[in-house]
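Some notes on the structure that comes next.
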Amino acid sequence: MSNVEIDAPLVNGDLMPYHERGESCRLAVEMLIGDDFGAPPRSLNFTVHTDSGKTVKLVIPYDHTSSAVVLVDGERL
């Protein structure tokens, strides 16, 4: 079961949910990039470079059983 939630806060105050915690990470990846590709991905990665110089990476595995991982400057939290 995944530890990922994906939603979009709307300008009218509502929240549009796209992926709920507990749904598999694989479903989150397929929701974001689809499932019609050649070689399947190992994961979907989001990287943020902060103003303080840190690099934060969210790794969502293309897997039904694994959880997402957060790394800060390469160190797993």
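The values are calculated or read from the model by the stated rules, or taken from the named source; none is laboratory data. Bear in mind that the values here come from a model prediction, so they are computed numbers and not experimental data. All Cβ positions, even for glycine, are placed from backbone atoms using ideal geometry, and neighbour counts span all protein chains on display. We work out accessible area using only protein heavy atoms, side chains counted, and drop any ligands, DNA or RNA first. Shrake-Rupley method; radii C 1.70, N 1.55, O 1.52, S 1.80 Å.
Normalising the average separation of contacting C-alpha pairs (under 8 angstrom, six or more residues apart) by the number of residues puts the relative contact order of the chain at 29 percent. Amide H to amide H distances under 5 Å link Asp63 with Cys25, Arg26, where only residues 5 or more positions off or on other chains count and H is placed in the peptide plane. Calculated from the structure at hand, Cα Rg over 2.2 N^0.38 Å is found among (i) 1.21; (ii) 1.89; (iii) 1.34 as (i). Here the accessible area is traced with a 1.4 Å probe on the protein chains. For the chain, carbon and sulfur cover 52 percent of it.
For region 5-64, a simple Cβ point-charge model (Lys and Arg +1, Asp and Glu -1, everything else neutral) yields a dipole of about 360 debye relative to the Cα centre. Each residue of region 35-45 was assigned a 3J(HN,Hα) from its phi angle through the Karplus curve 6.51 cos²θ - 1.76 cosθ + 1.60 (θ = phi - 60°); the sequence is 10, 10, 9, x, 5, x, x, 7, 6, 10, 10 Hz, with glycine and proline shown as x.
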